[in-house]
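In what follows, a structure is listed as C-alpha cells, so that the remarks can point back to it.
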Amino acid sequence: MSTAIQAALAGEYAAIYAYGRAGGRLTADQDVALLHLSVHRTVRDTLRQWLLDDDEQPAPPAAAYTLPGPVNSDRQARELLALVELRLIPLYTELIAEQFEEPQRRRRAVREVRDCALRAQSWGAPGQAFPWPTDLAAPSAPS
C-alpha cells in the first residue's frame, strides 16, 4: 500500500478545497488562483491514476476540512493558500523517498516540491520554506 501517494492525494484534495474557499476572497490574482486550482486538479488525477495502476483504491476526500482560521479577507486568503502549499512539500518529500524504484514518479514528486514552494512564495510565504533553527548558526558565505 502506498501511504505516501494516499497522503499526497489527501493533500491535493485539501488544496483544491482551500483554493475554492480562498478564491472568492482574493481582491486580485483570481486568474492565478484558477490556474493553480487547475494544476492541483491535474495532480490529483495523476495521483489517483497511480493508485489505480498499483491496484489500490484511492481514499475518498475528507467529508469536511478544518481551516486554520477564518477566510474573510484578501490577506487571510493568501495566508491560507501559502499554508496549504507549504503543507504539501513534506508530503511530496515522502513520496520521493517511497517511489525510489519509480524514476518517472520520483521526478514528478520532485517537481511538485519545487512547484509547491514557488506557489507558496507567490502567495506570500517566506522565501525559505523551512526556517533555519535558531539554536544553529546560519551557514557563512564562502570567502
Revision key, fill the gap. The number of residues in segment 48-69 that are in a loop (DSSP other than H, G, I, E, B) and either over 20 Å from the mean Cα position of the chain (by Cα) or among the small types (Gly, Ala, Ser) (or both) is 9
Review point. Which numbered condition trips up LEU80, out of (1) within 22 Å of ILE5 (Cα to Cα); (2) within 15 Å of the chain's Cα centre (by Cα); (3) surrounded by 14 or more Cβ atoms within 10 Å (Cβ to Cβ); (4) of a type outside the set (Asp, Glu)?
Key: (1)
Check your understanding: Which condition breaks for GLU101 when tested against (1) over 18 Å from the mean Cα position of the chain (by Cα); (2) in a helix (DSSP H, G or I)?
Key -> (2)
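Between GLN128, GLN76, which is part of a helix (DSSP H, G or I) and either at pLDDT below 95 or closer than 18 Å to TYR19 by Cβ (or both)?
After applying the criteria, what remains is GLN76.
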Point to revise | Test for GLU85: is it touching a Cys at 6+ places or on another chain (Cβ under 6 Å), assigned to a helix (DSSP H, G or I) and among the acidic types (Asp, Glu) | key: yes
Review point. Of the numbered conditions (1) of a type outside the set (D, E, K, R); (2) within 18 Å of TYR19 (Cα to Cα); (3) crowded, with 18+ Cβ neighbours inside 10 Å, TRP50 satisfies every one except a single condition; which is it?
Key: (2)
Check your understanding: Within segment 24-47, how many residues turn out to be more than 19 Å from ALA10 (Cβ to Cβ), surrounded by 16 or more Cβ atoms within 10 Å (Cβ to Cβ) and free of Cβ contacts under 8 Å to residues at least 24 places away in the same chain?
Key -> 1
Check your understanding: Restricting attention to segment 99-114, and to residues there that are crowded, with 18+ Cβ neighbours inside 10 Å and modelled with pLDDT of 95 or more, which single residue is farthest from LEU47 (Cα to Cα)?
Key -> VAL113
Point to revise | Condition met for ALA10 (touching a Phe, Trp or Tyr at 6+ places or on another chain (Cβ under 8 Å) and either free of Cβ contacts under 8 Å to residues at least 60 places away in the same chain or outside any loop (DSSP other than H, G, I, E, B) (or both)) | key: no
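The values are calculated or read from the model by the stated rules, or taken from the named source; none is laboratory data. As the structure is a computational prediction, the values presented were derived from the model and not from experiment. Methodologically, a virtual Cβ is constructed for each residue, glycine included, from the backbone with ideal geometry; neighbour enumeration extends over all protein chains shown.
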